[in-house]
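Since the structure comes first, as structure tokens, the remarks are kept for the end.
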Amino acid sequence: MENNILKKVDLIFDNTCDPLVVVDKVLAKSPDDVILDIIDSGLKGRGGAGFPTGLKWKFTRNEDGDTKYVICNADEGEPGTFKDREILDKVPEKIFSGMAIAGYAIGAKEGYIYLRGEYNFLLPMLNKKLEDFNRKIKAKNLDFIISIKSGSGAYICGEESALFESMEGKRGEPRNKPPYPTVSGYNSKPTSINNVETLVYALMICKLGPDKFKELGTKDSRGSKVFSVSGDTPNPGIYELELGMPLKEFVSEFGDGDTKAVQVGGASGHCVPRKHFNDTIIGFEGIPTGGSMMVFNSSRSMYNVLHDYLEFFTEESCGQCSPCRIGCQQLLKGIEAIKKGEKSPIYIEELKRLAATMKIASKCGLGQSVCNPFTSIVDNFREEIIY
Amino acid sequence: MTKIKHLIQNFSLQKFKKGGQKMSNVENLVKELVKIHGKNRNSLMPVLQGVVKEEKYLSEDAMMAIAKELDLSTADVYGTASFYTFLDTVPRGKNIIRVCKTITCHMKGKDELIKALEDALKIKVGETTHDKQFTLLTANCLGWCHKGPVMLINDEIYPETSPQAALEIIEKYQTSTKK
């Protein structure tokens, strides 16, 4: 951190470029070169998991077979996240173009946007623009067509393999991995599934070149990221910021002067208390995030925050594997029992062991990540949980 | 489990009862949807969503018709539908109100919003008004955390909704559905 000043960036919502011109530029290159550029840029998935995008494309390209898919994961459901909605609303053509580029790079002819049911109000606009876009792409002789599939209110469908199941008309229950989507995804075909924001960054990297992107961020966290800021802040909203920033800077910009804790990465992320603002970095070397930043001031009860998260996970667990299904329920019951005095405070240790078990034994990211908010809130705000 | 058994039993019963009768509206709707989306498993979600859009929920008749058209077991159709929050299998009102209950909306006064709606509609969360015009539900994060509290009525979104504003919105729906 050279000067400790938050750097605001304008790549995602920059509307000065015609995304189709970037597609033309890409079509003049070989697919392998496009993938090399994305790998070189160091772009990692912006949905939360942070898998290197270029490698994902490369793996999908290297698979045999004629049928491959590009899927845009627009099932944004993490509490505290709303950046994908804004991107879909403001710059849909950039997303479509990012998908077309991905399609060209991996050799896919079909692309799908899986849009969460809560964002159905965007459908008429998106379908209209998509019709136009598909026509323009066809005119460029690129064999690629995009359509939209809707979700129906299930958080778990944001998990890639659950999303495929849902698209195939089944219950949104995550699959065993491996095989990974790059080998066997939608319809058991090689699939590259990327977050909305990731696809727009891929487009911008193709426009500006990987070096321009690498100038932003740090060695481990290249580029910038769109953050969704909510909670006790005078300036809630969407901000595109350089990755690798210290949380302290974030709080001094967005806090209300009385910030007690920041939940980084939504309900499945980590709670950082005031005493750790100084030594926490937002990025892949510190705490990675899908963009959700919930700010809490000292008037808030962290018990209520944790209770809300656990209720959320209890409802949204798909119920397929026992560690997650039963674990979520027991953690919720457990903190309620401690609060009521039915269980002694030492019971917290037992609950923490349960959370740790869920982390290693759950089948997918949902169950594995419940431990993050649970442990970070319970460890840092123990008195608030007990009394 | 018992619900599924009940469904399956009903399935054969209904089939028996309906022999030779004219097709119901929902069967026509399902046929229409299957024609649009294709006769395969991958169309199950769009077909279920299409029925919910028209009928507000999936009746047993609807699920049986879908199973027949897509050549699936009724249990499979019900199993899929019951997984998704937005695919209701119990009757709902003409307008479904979903208030976001996630922590950031909670901090911005979602309790007051829900109270105002409950008082105005004279129902509790989870219930449907007597005239079948409104169902009041809560939902997990709707993706408007910077503009809470927020509610979704059918597919329309209402961010930064004060209790007062909510009443006005409800009134708008009341008058528009009466027309």
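The values are calculated or read from the model by the stated rules, or taken from the named source; none is laboratory data. Being a predicted model, the structure only gives us computed values, none of them experimental. In this analysis, Cβ positions are derived from the backbone assuming ideal geometry, glycine residues included, and neighbour counts consider all displayed protein chains. Side chains included, ligands, DNA and RNA excluded: accessible areas come from the protein's heavy atoms. Shrake-Rupley method; radii C 1.70, N 1.55, O 1.52, S 1.80 Å.
Residues of segment A:217-254 whose accessible area (probe 1.4 Å, heavy atoms of protein chains only) drops by at least 20 Å² once all protein chains are present, relative to their chain alone: A:S230, A:G231, A:P236. The C-alpha radius of gyration of the protein assembly as shown, expressed as a fraction of 2.2 N^0.38 Å, stands at 0.98. Using a 10 Å cut-off around each Cβ of peptide B:34-44, what is the average number of partner chain Cβ atoms that fall inside? If you average over the peptide's residues, the count of other-chain Cβ atoms is 2. Under 10 Å, Cα contacts only: if you run a Gaussian network model on chain A, which one of A:K339, A:K44, A:K109 comes out with the highest mean-square fluctuation? Answer for the Gaussian network model of chain A: A:K339. Share of carbon and sulfur in the accessible area of segment B:95-178 stands at 50%, probe radius 1.4 Å.
Need the per-residue list for segment B:120-146: every residue with at least 20 Å² less accessible surface in the complex of protein chains than in the chain by itself, probe 1.4 Å, sorted by number. Checking the loss per residue gives B:N140, B:C141, B:L142, B:G143, B:W144, B:C145, B:H146. For chain B, taking a cut-off of 4.7 Å between Cβ atoms, the unpaired cysteines are B:C141, B:C145.
Starting from the eigenvalues of the Cα gyration tensor, five times each then square-rooted, give me the equivalent ellipsoid semi-axes of segment A:302-386, largest first, whole Å.
Values: eigenvalues 81, 28, 27 Å².
Its equivalent ellipsoid spans semi-axes of 20, 12, 12 Å.
When the Gaussian network model of chain A links Cα atoms closer than 10 Å, the mean-square fluctuations of A:G319, A:G266, A:G169 top out at A:G169. Counted as membrane-span-like here are DSSP H helices of chain A whose alpha-carbon atoms extend 15 Å or more along the helix's own axis and whose Kyte-Doolittle mean is -0.5 or above; these are A:31-41, A:92-106, A:196-208, A:302-316, A:322-340, A:347-361. Tell me the net charge near A:A355. Cut-off is 15 Å between Cβ atoms, A:A355 excluded, with +1 for each Lys or Arg and -1 for each Asp or Glu. In short, +3. Chain A against chain B buries an accessible area of about 3100 Å², both chains summed, 1.4 Å probe radius. Within the shell of other residues whose beta carbon sits under 10 angstrom from the beta carbon of A:Y69, the net charge comes to +2, with Lys and Arg scored +1 and Asp and Glu -1.
Electrostatic tally near B:G143: other residues with Cβ closer than 15 Å to its Cβ, Lys and Arg +1, Asp and Glu -1, net -3.
Of the residues A:V264, A:V295, A:V21, the one that moves most in a GNM of chain A with alpha-carbon contacts below 10 Å is A:V21.
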